[in-house]
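Asks: Dropping the structure in here first, questions after.
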Amino acid sequence: MKLALTVNGKKRKVDVPPMKRLLDTLREDLGLTGTKEGCGEGECGACTVLIDGEAVNSCLVPTLQVARAEVVTIEGLAASRGKRDNRVNRVKLHKLQSAFLECGGAQCGICTPGMIVAAAALPKAPSREEIRVGLAGNLCRCTGYMKIYDAVESALGSHKKSAKRAPRNPKARAKVKA
Amino acid sequence: MRAAAETLEVLSPRTLKEALAMLRDAAAEGRPLTPLAGGTDLFVTLNAGTLQGRRFLDLWGLKELRGITKDGRGKQSALRFGALTTFTDCVRSSKVQKHLPILAAAASEVGGLQIQNRGTLGGNLGNASPAADSLPVLAVADTTLILASSDGERAIALGDFYTGYRASVRRPDELIVAIEVVVPKGRQVFRKVGTRAAQAISKVVMAAIGHRTAWGSVAPTVVRAHKLEAYLDGGGRDLAAAQQLLGDEIHPIDDIRSTAAYRLRVAKNLLAEVIPANR
Amino acid sequence: MGRRKGKERALQPSVGTNVPRTEGREKVTGEAKYIDDLTFPGMIHGRTVRSTIPRGKILSVTLDPAFDWSGFTVVDHRDVPPGGQNVVQMITDDQPFLAVDRVNHQEEPILLLAHADRSRLDAGCARVKITYAPEAPVLDLAHATHVLKQLTIEKGDLAAGFADADVIVEGTYQTGHQEQLYLEPNGAIALPGVDGDPAGITVYGSLQCPYYVVRALMRLFGLPIEKVRVVQSTTGGGFGGKEEYPSLLCGHAALLARKANRPVKMIYDRMEDLVATTKRHPSLVRHRTGVKRDGTITAIEIDLRLDGGAYLTLSPVVLSRASIHATGPYRTPHARIHGRAYLTHTPPNGAFRGFGAPQSQFAAELHMDKIAGELGLDPVALRRKNLLRPGDTTATGQLLEESVSAEEVLDRALARHEAALQRNNKSLRRSKAAGGSKARLHGTGLSMFFHGSGFTGGGEVKLASRAGLVLTRDGVEILVASTEIGQGTRTMLAQIVADALAIPYEWVATSDPDTARDPDSGPTVASRTCMIIGRILQRAGERLKEALGGYDSPKEFRRRARAHLDEKGPLTIIETYEKPGEIRWSDETYRGDAYGAYAWGCNIADVEVDPVTYEARCTRFTAVIDIGKAIHPLLAEGQIEGGTLQGIGWALYEDVVMKDGRMANGTLTNYIIPTTLDTPEIDVEIVENPYRHGPFGAKGVGECPIDGPPAAIVAAIRQACGVSLDRVPATPERIMIALDALEGGRR
């Protein structure tokens, strides 16, 4: 099936089975291998991309469902800024990408694209608790998450005050009294 | 082994009417279509190669199936959810937060944000997993499902919808198009006990409104504890007796995630949490 | 500042600073090429057909005649060429690449298929029929009788030690499988030929040990080393899981590639990776300890059993490390440690961060708490009394003289935890009003541990690792087969070389290993890369500096380098491991200096237990570890935080459910690792107590952090709700059963 997609701000045409996973279309048909497959069951978040600004697992999305949507992948974060760093003649990194580099947020790097893309959908100046909740769908096995929080806080301008707070019991938010 | 994309057929209706016609024709041919919403359950089974269906009906573009509205006032007021209402829609909706906060709570515990952004109420109901987090909430409230077909609509109380493990009264030519929930009165409590704090499959889920409770992951389908309710409505306040009644109504099993004994005990403990005895 | 532009500033050392990691940019932009991101012209895809029973004879293997097999490449054990051997090169020759006439575990490889179209390939796999004559399998340690390997460590006179004791305390402790769960599954691509020579073979892979794969392929095909080339692709985590397993997978890809005469890519999906590849060895450890009333240990007797799985793989080495660390960081005048690895008909267990030491030290620490309980002593005081200090000897008789920090890490961890408590108490009081139903139960637990860096004394001598430097016009290039798997190998080695040469870090080039270019620096395992390989490269740097006749500025280095290249030609310096003279070790008696140096650690876990759901949650975690010197403090902290969380996951969630010898919960949905919301704040302090034979004083860091968390968490749960668990993970189901037993006992 011929489908027209908007990926990283560019119109792209692909000819794929409509139920082909968006993950596979990105990697195989569009050459965007920055989006990774960690599990194929929507658990690890390594395949996270933005569809119309919302984070989704691209291993669970059929390509036909994004035919009229805007898709952003890790490759689009840096490129979307369009600026080049003339000193090294390379595309300037997105602030989250720079922060992951500086703060040690990337180790083996396989969760990193999905983690950064998920972080890009967080609100401005998120608290540490908001970061924890927002990234709960992205597994990392290397870092213990601490340096990822540091990177997100540094990039998104979180207040230092909330940064070091111990985690609230996540179950607490599930208990509602009306 | 993952299902090959080229072996999968999908129809993309532009309107609900067209969708219902496609369902009718497919059912008539004996080649039923599996409705596809956000894909968060369906693609997991496709990727694992455990889904039998090879023909799908893509609903994602149907705007008619979106939106949360509140109808009526006072006693008769109800929330109406389009079947494609996502969990994120539930979490963000001020109507849900105000009138059915346990649904917002349940929705915020379904997978990570990526899943909440795509998973839908209609999909959760249609997929019919006994561990589905939204079902106890819907079951404990007065919830009616609106099923549509080319012949028209019918309303089914959620309590009459399921007939067994992953089985329901929905005909192959029918679609869940909306969910109507009477705005409840009374204290609302939601507790999910899962395998971890996020991205977890439930071991026990409880939703409570006043005396009413509904339970997930403890039987082939979601369980509304009617006998327990009758006991409490009749003024019964003995905790042990209440727990005994609950124990009779649920049928948990051992599986790779937990044990029957644990599920039973935790369900009873949770009951003690929401219904303090002698009060 | 008045400094003139262009004037050279004094060069600051790179070691000890947080330079940008060398391959970091590619990783944050998505440009880094992992194995599944690579393609080659004409490449097709391969898959493995595996056994579906734990043990038995293979009666028949049939390709369904009704299926269209055109375009398929099919490989079985008969495709191993003459001169080659169907044996995975490891410690012993028991494991075949492809089963011949019997299978010894579930998911054992029997047949390989390749096809250009992955859907056709999957369809083909489903049309292979295999029949068996099943035999009764042995599936766990409780039933195992076949000993694969055993060893005994003896010190002093055990009987005399027990005679000195006032009390003898016994205990039994268990751990189950744990999955490494690198987020990039195993994968490899094989290409027929090497450098245009069709007789050779080239393999790209996600792997930790390129030369393990080289030797496996040499053996499989009967090829000399120059006809085998192995290249590491960017690797998405390993934790031991890509130490020995890739030898098997790369062999499979190579068999298919040679038969198809095309490049063949084999990428495991998550489910295949979970059910088929290696796990941490389950353990069963019995302790018998003689103690004086004041807590002084007089004798330690340990019976340690590991479940090796169906083939030996690396079990003897895992057993060795487990046994050497089995007393924990405590002194005893008399000891006997009997270690055994058993055969079971389950997928072979293998390397996993810590390599046996986490299992044996989990038992040691739980046992210390049991002793404290029986003697009515404070667990911290008991530990402090018996900690290894400078001048003490270990169970193998190693005299500890330098970089011994058990007491220091204990003191620092206690102080750090206390400070955190003070901070937290204020906010706790404020939030108390929230109240609610049944209050959660709080507890704090402490554990101590040590971890030998590098292979045992004898092991490093046998490995005789080599690494070196190539002079370039702009600086140097590092030649090393040690792999970057996320831990920061390339960055850290470049820092050491930069400082050894007194040149800027940016002038040191690194790349992923290619065995056609890089010498064998041994496997990237055992917390050895910094201490052992870093030291070799430091020496290579010093020798290169000499070869250039010395210089006093980077500018001068570059001038001399270019002059050398122009006038004398290329310059490569390769150095070999040199054993520090004083290290003595006997593999026969298991006596002597087991490791050149040890990292030392102390963990304190704060846990809360929900009395309604029996769930235990870690709310704060303190880790203090002496690593000699943090070459790159940020990366070192990252190692400690990551290793700690892997330990917390093992302590609370990670449970491999085995049914009929096969992992029954082999999905990421059902094998539970911690998410952000399960992870406490991890508070890390690095202690730098230098080791003179490590580069700039550095010891190992990678494994030590995972040795401590399970015991600290179990101790914290005990304090919270009174139950003494003897195994991990501490699942709510197990806590419920233990609480019931406790209540039953009270009645």
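The values are calculated or read from the model by the stated rules, or taken from the named source; none is laboratory data. Values in this document were obtained by computation on a predicted structure and should not be read as measured data. Neighbour counts run over all protein chains shown; Cβ positions are idealised from the backbone, glycine included.
Asks: What number of residues within the stretch B:185-199 satisfy the criterion of being touching a residue at least 12 places away in the same chain (Cβ under 8 Å), within 8 Å of another protein chain (Cβ to nearest Cβ) and assigned to a loop (DSSP other than H, G, I, E, B)?
Replies: Result for the stretch B:185-199: 5.
Asks: For the stretch B:229-279, enumerate the residues that are in a helix (DSSP H, G or I), more than 14 Å from chain C (Cβ to nearest Cβ) and either over 17 Å from B:Ile209 (Cβ atoms) or in contact (Cβ under 8 Å) with a residue 24 or more places away in the chain (or both).
Replies: The first filter runs over the stretch B:229-279 and keeps only residues in a helix (DSSP H, G or I), leaving B:229-233, B:239-249, B:260-274.
Now drop any that are not more than 14 Å from chain C (Cβ to nearest Cβ), which leaves B:229-233, B:240-242, B:244-249.
Hits for the stretch B:229-279 are B:Leu232, B:Ala240, B:Ala241, B:Ala242, B:Gln244, B:Leu245, B:Leu246, B:Gly247, B:Asp248, B:Glu249.
Asks: Another question about this same structure. Since B:His211 meets every condition but one in (1) modelled with pLDDT of 95 or more; (2) farther than 21 Å from B:Ser108 by Cα, which condition does it not meet?
Replies: (1)
Asks: Looking at A:Cys59, A:Cys39 in this structure, which one is at the interface with another protein chain (Cβ under 7 Å from one of its Cβ atoms) and part of a helix (DSSP H, G or I)?
Replies: Working: A:Cys39 fails: part of a helix (DSSP H, G or I).
Of the residues listed, the single one that is at the interface with another protein chain (Cβ under 7 Å from one of its Cβ atoms) and part of a helix (DSSP H, G or I) is A:Cys59.
Asks: Could you pull out the residue among C:Thr52, C:Thr17, C:Thr92 that is out of contact with any helix residue (DSSP H, G or I) (no Cβ under 6 Å at 6 or more places or on another chain), in contact (Cβ under 8 Å) with a residue 60 or more places away in the chain, outside the structural domain of C:Val264 (by TED's automatic domain parsing) and assigned to a loop (DSSP other than H, G, I, E, B)? Explain how you work it out, then say what you get.
Replies: Details: C:Thr52 fails: outside the structural domain of C:Val264 (by TED's automatic domain parsing); C:Thr92 fails: outside the structural domain of C:Val264 (by TED's automatic domain parsing).
Going through C:Thr52, C:Thr17, C:Thr92 in turn, the sole match is C:Thr17.
Asks: Does C:Glu588 count as within 14 Å of chain A (Cβ to nearest Cβ) and among the charged types (D, E, K, R)?
Replies: Judged against the criteria, C:Glu588 is not a match.
Asks: Within the stretch B:143-183, how many residues turn out to be part of a loop (DSSP other than H, G, I, E, B), over 13 Å from the mean Cα position of the chain (by Cα) and under 28 Å from B:Lys98 (Cα atoms)?
Replies: So the count comes out to 1.
Asks: Now for a separate question. Name the residues in the stretch B:257-279 that are surrounded by 13 or more Cβ atoms within 10 Å (Cβ to Cβ) and either of a type in the set (D, E, K, R) or at pLDDT below 95 (or both), would you?
Replies: If the condition is that a residue be surrounded by 13 or more Cβ atoms within 10 Å (Cβ to Cβ) and either of a type in the set (D, E, K, R) or at pLDDT below 95 (or both), then B:Arg257, B:Arg263, B:Arg265, B:Lys268, B:Ala272, B:Glu273, B:Val274, B:Ile275, B:Ala277 are the ones that fit.
Asks: Separate question: Within the stretch A:111-137, track down each residue that is in a loop (DSSP other than H, G, I, E, B) and either in contact with a His (Cβ under 9 Å, 6 or more places away or on another chain) or facing another protein chain (nearest Cβ under 7 Å) (or both). It would help to see each step written out before you state the result.
Replies: Kept after step one, since they are in a loop (DSSP other than H, G, I, E, B), are these residues of the stretch A:111-137: A:111, A:121-127, A:135-137.
Hits for the stretch A:111-137 are A:Cys111, A:Ala125, A:Ser127, A:Leu135, A:Ala136, A:Gly137.
Table: residues versus (1) in contact with a helix residue (DSSP H, G or I) (Cβ under 7 Å, 6 or more places away or on another chain); (2) closer than 26 Å to C:Pro729 by Cβ; (3) in the same structural domain as C:Gln487 (by TED's automatic domain parsing).
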| position | (1), (2), (3) |
| --- | --- |
| C:Tyr211 | no, no, no |
| C:Arg219 | no, no, no |
| C:Ser233 | yes, no, no |
| C:Ala253 | no, no, no |
| C:Ala257 | no, no, no |
| C:Asn261 | no, no, no |
| C:Glu272 | no, yes, no |
| C:Val285 | yes, yes, no |
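Asks: Report, by residue number, each residue of the stretch A:1-36 that is closer than 20 Å to C:Glu184 by Cβ and either free of Cβ contacts under 8 Å to residues at least 60 places away in the same chain or more than 8 Å from chain C (Cβ to nearest Cβ) (or both).
Replies: Our first condition is that a residue be closer than 20 Å to C:Glu184 by Cβ; within the stretch A:1-36, this holds for A:21-24, A:26-28, A:31-36.
A:Arg21, A:Leu22, A:Leu23, A:Asp24, A:Leu26, A:Arg27, A:Glu28, A:Gly31, A:Leu32, A:Thr33, listed by residue number.
Asks: For the stretch B:92-116, how many residues are out of contact with any Phe, Trp or Tyr (no Cβ under 6 Å at 6 or more places or on another chain), touching a residue at least 60 places away in the same chain (Cβ under 8 Å) and within 8 Å of another protein chain (Cβ to nearest Cβ)?
Replies: Going through the stretch B:92-116 one residue at a time, the tally reaches 5.
Asks: Kindly indicate the residue of the stretch C:308-349 that is of a type in the set (A, V, I, L, M) and within 16 Å of the chain's Cα centre (by Cα) and also surrounded by the most Cβ atoms within 10 Å (Cβ to Cβ) among those meeting that condition.
Replies: Of the stretch C:308-349, the ones of a type in the set (A, V, I, L, M) are C:310, C:312, C:314, C:317-319, C:322, C:324, C:326, C:335, C:337, C:341, C:343.
Then drop every residue that is not within 16 Å of the chain's Cα centre (by Cα), which leaves C:314, C:317-319, C:322.
Numbers: C:Leu314: 26, C:Val317: 20, C:Val318: 28, C:Leu319: 25, C:Ala322: 30.
Top of the filtered list is C:Ala322.
Asks: Can you spot a residue in the stretch B:70-91 that is under 21 Å from A:Leu60 (Cβ atoms), within 12 Å of chain A (Cβ to nearest Cβ), hydroxyl-bearing (Ser, Thr, Tyr) and surrounded by 18 or more Cβ atoms within 10 Å (Cβ to Cβ)?
Replies: yes
Here is a yes/no grid of residues against (1) polar (S, T, N, Q); (2) within 30 Å of C:Thr613 (Cα to Cα):
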residue: C:Ala439; (1), (2): no, yes
residue: C:Gly443; (1), (2): no, yes
residue: C:Ser447; (1), (2): yes, yes
residue: C:Asp499; (1), (2): no, no
residue: C:Thr510; (1), (2): yes, no
residue: C:Arg517; (1), (2): no, no
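Asks: While we're looking at this one, here's another question. Every residue in the stretch C:24-43 that is touching a helix residue (DSSP H, G or I) at 6+ places or on another chain (Cβ under 7 Å), crowded, with 21+ Cβ neighbours inside 10 Å and not small (Gly, Ala, Ser), please.
Replies: Of everything in the stretch C:24-43, those that are touching a helix residue (DSSP H, G or I) at 6+ places or on another chain (Cβ under 7 Å), crowded, with 21+ Cβ neighbours inside 10 Å and not small (Gly, Ala, Ser) turn out to be C:Lys27, C:Val28, C:Thr29.
Asks: How many residues does the stretch C:543-557 hold that are in contact with a Lys or Arg (Cβ under 8 Å, 6 or more places away or on another chain) and farther than 25 Å from C:Thr576 by Cβ?
Replies: So the count comes out to 1.
Asks: Could you grab me the full set of residues in the stretch C:6-65 that are among the hydroxyl-bearing types (Ser, Thr, Tyr) and farther than 22 Å from C:Pro246 by Cβ?
Replies: C:Ser14, C:Thr17, C:Thr22, C:Thr29, C:Thr52, C:Ser60, C:Thr62
Asks: How many residues, within the stretch C:442-490, are under 26 Å from C:His325 (Cα atoms) and assigned to a strand (DSSP E or B)?
Replies: Matching residues across the stretch C:442-490 total 9.
Asks: For the stretch C:726-735, does any single residue satisfy the condition of being in a loop (DSSP other than H, G, I, E, B) and of a type in the set (A, V, I, L, M, F, W, C)?
Replies: Looking for residues that are in a loop (DSSP other than H, G, I, E, B) and of a type in the set (A, V, I, L, M, F, W, C), one finds at least one in the stretch C:726-735, hence yes.
Asks: Return the pairs, sorted by first residue and then second, in which the second residue is of a type in the set (Asp, Glu) and not in a loop (DSSP other than H, G, I, E, B), the first residue lies in the stretch C:325-344 and is at positive phi and at pLDDT below 95, the beta carbons are less than 8 Å apart, and the residues are 6+ apart or on different chains.
Replies: none
Asks: Return the pair list, or none, for Cβ contacts closer than 6 Å from residues in the stretch A:44-63 that are closer than 17 Å to A:Thr33 by Cα to residues that are surrounded by 24 or more Cβ atoms within 10 Å (Cβ to Cβ) and basic (Lys, Arg), at least 6 apart or on different chains.
Replies: As it stands, the answer is A:Ala46/A:Lys36; A:Val56/B:Arg118; A:Cys59/A:Arg21, since those pairs meet every condition given.
Asks: In addition: Give C:Gly475, C:Gly459, C:Gly488, C:Gly445 a once-over and let me know the one that is closer than 30 Å to C:His417 by Cβ, outside the structural domain of C:Ala413 (by TED's automatic domain parsing) and not aromatic (Phe, Trp, Tyr).
Replies: C:Gly488
Asks: Can you find, within the stretch C:653-703, the residue that is farthest from C:Glu733 (Cα to Cα) among those that are in a strand (DSSP E or B) and among the charged types (D, E, K, R)?
Replies: C:Glu685
Asks: Does C:Gly83 count as more than 14 Å from chain A (Cβ to nearest Cβ) and surrounded by 17 or more Cβ atoms within 10 Å (Cβ to Cβ)?
Replies: Answer is no for this residue.
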